1. Is it the case that D106 is surrounded by fewer than 16 Cβ atoms within 10 Å (Cβ to Cβ), over 11 Å from the mean Cα position of the chain (by Cα) and of a type in the set (D, E)?
2. Would you please list the contacts, defined by Cβ atoms under 7 Å and residues six or more apart or on different chains, that run from a residue in region 103-120 that is over 12 Å from G79 (Cβ atoms) to a residue that is among the basic types (K, R) and surrounded by fewer than 14 Cβ atoms within 10 Å (Cβ to Cβ)?
3. What is the one condition in (1) more than 11 Å from the chain's Cα centre (by Cα); (2) surrounded by fewer than 17 Cβ atoms within 10 Å (Cβ to Cβ) that H36 does not satisfy?
Amino acid sequence: MNSRPTNVATVNISGNPNDFWIARSPRFQWIRKRDHFPPIGATKGQSDPLCRVKLAVRDVANWAFYLIEYDCDTTAAYGLVKGLVPRCTLLHLDALAKCGEPLERDIHFLPRPLSHVWGDRHVSL
C-alpha cells in the first residue's frame, strides 16, 4: 500500500490506489505522485534530462510545457516551454493557472529525453 505524502494534499480521482495526484488545489491535478519529479536544480549539468509531463494550453495549439523538475511546495517547475521561441526555463504553475487559458495534461505523453521533445537540435540548458 502506498503512503500519501504528508506535506501536500492528495486526491485520488481514478480509484486506482497507486494513482494519487499531488494537489495543493484542484488546478494542480495534472501532477501525479508517481511522476517522481526530481527537485528543482537536480538535473543541472545533465546533457539530456527526462521530460516527465506535457501540459498544453487547451485553445492554443502551438504552446506546450514539458516538465523536467517540480517542487510541490512552491509549484515551481523547470522544463521546456515550446511557444514562439522554444526554451528551457523556470516557471510557476500557479501563475500559469491564473493566465486565463486552461492547461491540460497530455495523458498520452510518455516520459522521454529532452532531445526527443525539442527535436534534433542541440540541447542547451
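Any read-out appearing in this document is the output of simple, stated calculations on the displayed coordinates, not a laboratory observation. The shown structure was predicted, so the numbers you read here are calculated from the model rather than taken from an experiment. Reconstructed Cβ throughout: ideal geometry from the backbone, glycine too, with neighbour counts over all protein chains shown.
1. For D106, the condition - surrounded by fewer than 16 Cβ atoms within 10 Å (Cβ to Cβ), over 11 Å from the mean Cα position of the chain (by Cα) and of a type in the set (D, E) - is not met.
2. From region 103-120, the pairs are E104/R58.
3. Just one mismatch for H36, condition (1).
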